[in-house]
Amino acid sequence: MNKKRSVSVVRNKLQLPVTYALVFIAAALAITTGCAKSKVVASLEKDTLFSLKLGNFEDQINLFDLASVGEISTAIEMKDGFFYIANGESKKIMETNSYGDLLSLYYNADTNPTPSFMQDKAKTAGSTQKSIVYPFNDISFISVDNRKYLYVVDRMPVERQEVDSDTKQVLSQIVLRFDSDGNFIDYLGRQGPGGTPFPYVKNIYTNDDNELIVICRVKDGFVAYWYATTGYLMYTIPFTDKDVPDPYKDKQDIDAWSKIENIIPDHSGRMLYVKVDYYKSYVDEASKVQSGIDYMQTLLYPLNIEDGSYEKPITIPAYTLQITQGFSTENHEIPYDFLGVTDSGWFFFIISTENGFIVQMVQPNGQKILKRTLSVDHTVNMFYTFSLSDTGILSALFAQKDGASVVWWRTDSLIQAVIKN
């Protein structure tokens, strides 16, 4: 393998043998007249699976504050055809099948009524629905492993939050663990079970070995925490923008810098994929003064966390936006957001467009690239969140003013057709 640079990977002494969200906004396009066009991309059919009403009952979702300022703490995860919706606004987690039937409910009893299926003792005796009471505080991201263990990010009460003595960053979040029967196991902090809280958690993931990976945003970059199935910390991997590989470091005529957009783990190996966007200063020719920044390219670096080495990167094509003003047309390249990776190693990227989204799927070696349009009416959706399954199915929850819907696109079938051909 072509190895570039390495990072410092901290192995925790307790590991068992063998076994912040950053949102970087590119330079705004100041356009007062004209229209925007993009290349035509084939559409992918959407399947609307089920809908949820707004409310506080067990089969409803609380998204009443969509119009208010602040972060919406609702996330969705799809695993083996089952959906897990963490609704932070109501402090509950719903597990449903693909028809929307409620199978399990994890809820804070102080903010949610007792589920109706638990109120009728006669019906409860023969019911397969589960009801789990837990005092959630402020939940957000969620993940489910192959054992059906459920992991959810929660925020500590203010009096239990800490401040990092070096960075002065607030340490406030933990990861709760529940087994397949809904029993609470423990919570994980940075050092493992019962550890100190995390800084801002960007997302959490589980892999094929049922290990947990927590990606945190910190003051000068990111930190990835990698845990064994027991919950004990195995690796701590810090990332900063200045320490990632720089293909422009020897080019004195280019004032370039890098920005880490996202970090996502592999499903089967001890590998992290680091998406880095590269930019350069734009200097006005007339005044010779820097007047903006230009996007240059995106590289996806595989990082072997066992030896801390970066492998040869994959070049990720940008989205080309055509801006037409009068009789002239300009092309502007915009980087996609890194959405996830599948069991088969395909990388998914997404970007919002005027008519919905474009999803870009890149083969592991970068040789084949698929692009599809996801037709979505942005005018009726007030909030959305996506989830990519390990098999490659793209799911989403869209919220409107009168309810929410859960949809998916069978991107897995598209990839399989390409592999067979």
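The values are calculated or read from the model by the stated rules, or taken from the named source; none is laboratory data. Just so you know, these numbers come straight off a predicted model, no measurement behind them. Here the Cβ is made from the backbone with ideal geometry for all residues, glycine too, and neighbour counts use every protein chain on show.
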From Lys168, Lys148, residue being surrounded by fewer than 20 Cβ atoms within 10 Å (Cβ to Cβ) and either under 21 Å from the mean Cα position of the chain (by Cα) or among the aromatic types (Phe, Trp, Tyr) (or both):
Lys148
Applying the selection to segment 283-342, what residues are among the polar types (S, T, N, Q), part of a loop (DSSP other than H, G, I, E, B) and crowded, with 17+ Cβ neighbours inside 10 Å?
Thr342
Candidate set from segment 204-216 (those that are in contact with a Phe, Trp or Tyr (Cβ under 8 Å, 6 or more places away or on another chain) and surrounded by fewer than 21 Cβ atoms within 10 Å (Cβ to Cβ)); member that is nearest to Arg270 (Cα to Cα)
Glu211
Evaluate the following for Asp253: is it of a type in the set (Asp, Glu), over 15 Å from Ile316 (Cα atoms) and either in contact with a strand residue (DSSP E or B) (Cβ under 8 Å, 6 or more places away or on another chain) or outside any loop (DSSP other than H, G, I, E, B) (or both)?
no
Could you say whether any residue in segment 133-142 is part of a strand (DSSP E or B), touching a Leu at 6+ places or on another chain (Cβ under 9 Å) and over 22 Å from Asn97 (Cα atoms)?
no
Name, by its number, the condition in (1) in contact with an Asp or Glu (Cβ under 8 Å, 6 or more places away or on another chain); (2) at pLDDT 95 or above that does not hold for Asp110.
(1)
Among the basic types (Lys, Arg) and under 21 Å from the mean Cα position of the chain (by Cα): is that true of Lys249 in this structure?
no
When you look at Gly126, is it within 24 Å of Ser389 (Cα to Cα) and modelled with pLDDT under 95, yes or no?
no
Can you find, within segment 86-108, the residue that is farthest from the chain's Cα centre (by Cα) among those that are among the hydrophobic types (A, V, I, L, M, F, W, C) and over 14 Å from Phe57 (Cβ atoms)?
Leu103
Over segment 343-363, the set of residues surrounded by fewer than 18 Cβ atoms within 10 Å (Cβ to Cβ) and among the aliphatic types (A, V, I, L, M) is Ile351
For Glu89, all conditions in the list (1) modelled with pLDDT under 95; (2) surrounded by fewer than 17 Cβ atoms within 10 Å (Cβ to Cβ); (3) part of a loop (DSSP other than H, G, I, E, B); (4) not β-branched (Val, Ile, Thr) hold save one; what is the number of the exception?
(2)
On the given criteria, is Met382 of a type in the set (A, V, I, L, M, F, W, C) and surrounded by 20 or more Cβ atoms within 10 Å (Cβ to Cβ)?
no
Going by what's in this entry, would Lys259 be described as basic (Lys, Arg) and either surrounded by 18 or more Cβ atoms within 10 Å (Cβ to Cβ) or under 18 Å from the mean Cα position of the chain (by Cα) (or both)?
yes
Looking at Ile369, Ile351, Ile415, Ile358 in this structure, which one is out of contact with any Phe, Trp or Tyr (no Cβ under 7 Å at 6 or more places or on another chain), more than 19 Å from Ile85 (Cβ to Cβ) and of a type in the set (A, V, I, L, M, F, W, C)?
Ile369
